[in-house]
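What follows is a short report on a single structure.
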Amino acid sequence: MSVADPPRDVRPLAPHGRRIAARLVDTVIASVFAGFGFMAAAASSDGVALLVLVPVGCAAGGVLYYMPLVHWWGTTVGKWIFGLRVVPLGSDGTGPPSWKATFTREFDRAAFLSIPVLNLLVGAILLAQMAKDRDTYHHSKYDRAAGTVVVLARGSR
């Protein structure tokens with residue numbers, strides 16, 4: 001940074017408690033979206049097709065919840081409630097991640113957390129990773145792969 005450059009707004013990293021609480025809220029909301037996907041799949045097929053369509057419908061519902069919100073606003077409802085934002089690592093903390101970064105960060109979690117029963121197993125694994133698998137920026141393997149970090153939003157304490 002040269003002398004003429006204005007100082008960058010550096011956002012504090014999100015604390016673990018808020019991240020966990022936001023993830024729980026988002027999982028409940030994504031499960032509702034997954035339920036809509038489930039109902040759409042169940043209403044349009046017979047018993048054999050349900051084995052394929054129900055997980056696909058649930059996953060699609062979860063993806064439709066997480067990906068647009070994180071890409072457009074850098075937050076989900078759970079993150080917004082707890083004052084968190086997803087931002088590109090090394091940015092000023094104001095802009096949301098790109099579509100590519102959002103897809104890398106959210107797709108597998110959104111898809112697997114939305115499938116009934118599997119969401120309990122995946123949720124337990126994610127909480128275990130959250131507790132132990134952290135680096136300097138306290139971000140998960142999904143954040144590292146996407147080049148993002150979760151920070152406190154402006155005005156939250």
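The values are calculated or read from the model by the stated rules, or taken from the named source; none is laboratory data. Being a predicted model, the structure only gives us computed values, none of them experimental. The protein model used for the area step is the full one, side chains on, heavy atoms only, and it has no ligands, DNA or RNA in it. Shrake-Rupley method; radii C 1.70, N 1.55, O 1.52, S 1.80 Å.
Structural remarks
- Gain on full stretching of the segment that runs from A145 to I20 - 0.36 nm per residue minus C-alpha separation: 43.0 nm
- Note on surface exposure: K79, K100 rank K100, K79 by accessible area, highest first, 1.4 Å probe.
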